[in-house]
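The structure appears below as structure tokens.
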Amino acid sequence: MASVPAVLIDGVSKVWNPEGVAPLLALDDLSFEVQRGEFVVLLGPSGCGKSTLLYMIAGLESTSSGTIECDALPVTGPSSERGMIFQEASLYPWLTLAENVTFGLGLRGMLAEKRREVAGKLLRKVGLGDMLDKRPDELSGGMRQRVAVARALAMQPMVLMMDEPFAALDVQTRAKMQDFLLEIWRDSGASVILVTHSIEEAIALADRIVVFTSRPGRVKCNIQIDLPRPRNPRDPAYRLLQDQLADLLADEVDRAFADQQSCKA
Ligand SMILES: Nc1ncnc2c1ncn2[C@@H]1O[C@H](COP(=O)(O)OP(=O)(O)OP(=O)(O)O)[C@@H](O)[C@H]1O
Ligand SMILES: [Mg+2]
């Protein structure tokens, strides 16, 4: 018997402002699955609905048609089973790192002493074990993103969603964060759904890359990546994949651009 997927997206469409003068079809009849423990990267041109999809999986927005299930249960609202990390780490500036990491556990009723112990463990895991009492404004952008990852992991989610989490970081920090994320992902057993614009980031991380068309977003193709990690950019198979993805994306970016021009005309 096939195992239940961590996330099932079945015939999902999203129309923004359906009752307004200009309804906008953002996603159209999208279907794919994310298996337990799988690392899926969503790649597609700007405006094709990637963030919209993450919001719907997170239960922060509803679908217009189709269903989203998590572990065979329909998504009807937010849940600690589905953690979300936004592009800019949204930490609470007035709390210490330890308090930020275990904020959700406090809401669940975990006692302060235990929370501090969990915070220490998770912050050590992300390389910030000696910074429990620092505040977010004392950290670099990369460090803040690591705290955001620790905070999401604290809830032990089944699915971790990340919306262009490293876009604001420099190339070197970004590469380090990718390595770090792969390590954390292996340990956690969670499924990851990560959005990026970077083909190289997608190849470095993914078990599978779902390429979206330009708006309305549909699944253009679904590519399994079987290359062993860490992936070597000099490997001919890596280069082939890079070219293939660049061609797929270029078509869609051209189309998105042409659409925008015709709207202006
Ligand atoms: N809250 C909203 N209300 C109305 N329209 C929205 C809303 N959020 C997004 N949209 C529209 O839906 C479409 C998809 O937006 P979305 O942010 O999901 O794209 P994206 O693929 O994440 O783009 P990017 O790569 O630039 O982040 C866009 O045309 C956007 O203008
Ligand atoms: Mg987006």
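Derivation of every value follows stated rules applied to the coordinates shown; laboratory data play no part. Predicted, not measured: the structure shown is a model, and the values here were computed from it. Quick reminder, even Gly has a Cβ in these numbers, built from the backbone with ideal geometry, and neighbours come from all protein chains shown.
Remark: the residue 19-residue 134 segment gains 36.7 nm on full extension, using 0.36 nm per residue and subtracting the alpha carbon distance. Among the listed pairs 14/50; 50/220; 50/176, a Cα-Cα separation exceeding 20 Å is found for 50/176.
Computed from backbone phi, the HN-Hα couplings of region 29-45 come to 6, 8, 9, 6, 10, 10, 7, 4, x, 8, 10, 10, 10, 9, 10, x, x Hz, rounded to whole numbers (Karplus: 6.51 cos²θ - 1.76 cosθ + 1.60, θ = phi - 60°; Gly and Pro given as x). Among beta bridges identified by DSSP and lying wholly in region 125-258, the antiparallel ones come to about 50 percent. Between 250, 227, 240, the Cα set farthest toward the positive side of the dipole of region 220-265 (charges on each charged residue's Cβ, about the Cα centre) is that of 227.
Between 56, 213, 260, the Cα set farthest toward the positive side of the dipole of the chain (charges on each charged residue's Cβ, about the Cα centre) is that of 56. A helix-only calculation puts the chain at -12000 deg cm²/dmol for mean residue ellipticity at 222 nm, using -39500 (n - 2.57) for each DSSP H run of at least four residues, averaged over all residues.
Compared with the alpha-carbon gap, the fully stretched path from residue 251 to residue 187 is longer by 19.3 nm at 0.36 nm per residue. Magnitude of the charge dipole for the chain, about its Cα centre and with charges confined to Cβ atoms of Lys, Arg (+1) and Asp, Glu (-1), is about 660 debye. Using the Cβ-Cβ distance between residue 172 and residue 240 with R0 set to 41 Å, the FRET efficiency works out to roughly 0.95. To test your reading of the geometry: what angle, between 0 and 90 degrees and rounded to tens, separates the Cα axis of helix 171-188 from the longest principal axis of the chain? Approximately 70 degrees, to the nearest ten.
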